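Quick notes on the structure that follows.
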Amino acid sequence: MMNLKKPPFLITSSLLFISVSVIATGAAISYGVSRMNSLAPHEYVESIDAANAGMDARTVLLRLHDGMLGFVLSDGKSGIDPEQTHALERRLDADLAGNLASGMGQFVDDWHDSRMRIVELMKQGQQGDELKIAFRRSAATYDRLEKEVNLLAVRNQGRMEELGKKIERSYAEMITLVWWFLGGTAAFNVLAGVVVIRKAGKMLEGERQTARKLHESEERLKLALSGADEGTWDLDIPSGRLSFDSQWGKILGYGSGERPQSLEEWSKLIDDADRERVLGAMQDHVAGRAAEYRAEYRIRSRTGEMKWVLGQGKAVSFDREGKAVRVVGVTRDVTLRKRAEEEIWNLAHYDSLTGLPNRALFYDTLRQCISLARRRNQKLALLFLDLDGFKEVNDLHGHDTGDGLLKQVALRLRENVREEDIVSRTGGDEFIFILHDIRQNEDAESVARKINAALAQPFVVHGHDCRISGSIGISVFPDDSDDLETLVRQSDHAMYCAKEAGRDSCKFFCEC
């Protein structure tokens, strides 16, 4: 029998080493692909789910807030469905669970309590300082909640973008390694190549599923923004190019070819009184002086109407020197909220019957007027008016006629003073005037006599002929006093002196 010569030990060892290396390398690549396929999409999908929860929370938050604003603007007549409100609040708690910083649950509870307090006060017909305080507390707590939820959405969106880029890089590197491996060792890795290709196929299927979830998330984002009257924008800082989505255009009525294309075009739509402040807020964020861009301002819609909007944004891209080069954000229509705030302010500061400033606004205004007169070394006068004969009209013809008479009196008083002077109703049939920048006491007396002459003309209310007159007391700053409370008391005292002198007259405090 013929003896076969054994292969040299070096060749056998080399072939064995290469085979083992090929199998080990293939197995390592397969393991890497498998791990990437399971971990990367999972982490990406978790970020998408977190972003979806944040967007759902924003939508629920806005629905609850708008419900309360609608209730306020309807003077408490619209009604609030408790069951629907509770259901929305439960959804809000579920969406925010695990996403907000510790202690934010207390803000949700405080916001609930303040909203319920506003509803209670409106139902009771309370329209004074207590309602104003409750509304301010609710607005402050809401702004904190809204800010946290917006930051959550921006943070998760940024995380998705970063993870997406990371996954793309990892996929590219792994695919390159697979092809080099298959091409360079084709003779030794048939088995490993089959395993790698199967794993690569599963990886691509996982990528398609992740892309589908991302697409669903983007559609969900669009739906959430649409329901909340919000639109998105994207600012490229180096070029100044600014792009707005269709939802932004829908809010303001601008079609696809009508929306601004640059920072300059957008700024021209902003109300002149707000423009400098808004651009300054944007610049502060871009320069790193503010953590985010946030500004409420008026902007011109396509119809020419000025709408109140809230703009929010955050830098998402930076150059090598750390300077912001891209800012993305949202713009929300807050016109309804502004109307509600104005309504609350009016309820707290204006007399509901005559529309004149009430006692609270009168004292705030007088304080400012005294400070201004003191700085400018000017005089001002207080005229304290009490109607003579009003009680008799009220008793004879009823409260409806009395209320109608007070409305007509308010109109005549406003017509007989300068535009810059203040007329307020401080209670019952009492009115107080603030006359700015009088040169001499005779100027105040002239206005008082003009008012008395206007009141002497008959009033016709609900078919009744009503006749009244007025007793007016006058105090002068700084001649009589430079203290607010003292000036009011002096004018009140002078008014009683006028009544004692025979009514339908006026008296200075210094004459009493």
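The values are calculated or read from the model by the stated rules, or taken from the named source; none is laboratory data. Since this is a predicted model, take the numbers as computed values, not measurements. Quick reminder, even Gly has a Cβ in these numbers, built from the backbone with ideal geometry, and neighbours come from all protein chains shown.
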| residue 481 is checked against (1) assigned to a strand (DSSP E or B); (2) touching a Leu at 6+ places or on another chain (Cβ under 6 Å); (3) closer than 17 Å to residue 367 by Cα and fails just one. What number does that condition carry? | (1)
| said: Name the single residue that is surrounded by the most Cβ atoms within 10 Å (Cβ to Cβ) among those in the stretch 227-260 being free of Cβ contacts under 8 Å to residues at least 60 places away in the same chain and hydroxyl-bearing (Ser, Thr, Tyr). | reply: 254
| message | Yes or no: the stretch 415-426 includes at least one residue that is surrounded by fewer than 18 Cβ atoms within 10 Å (Cβ to Cβ), in contact with a Ser or Thr (Cβ under 7 Å, 6 or more places away or on another chain) and on the phi < 0 side of the Ramachandran plot. | response | no
| request: Would you mind finding the one in 443, 465, 437 that is modelled with pLDDT under 95 and in a helix (DSSP H, G or I)? | output: 443
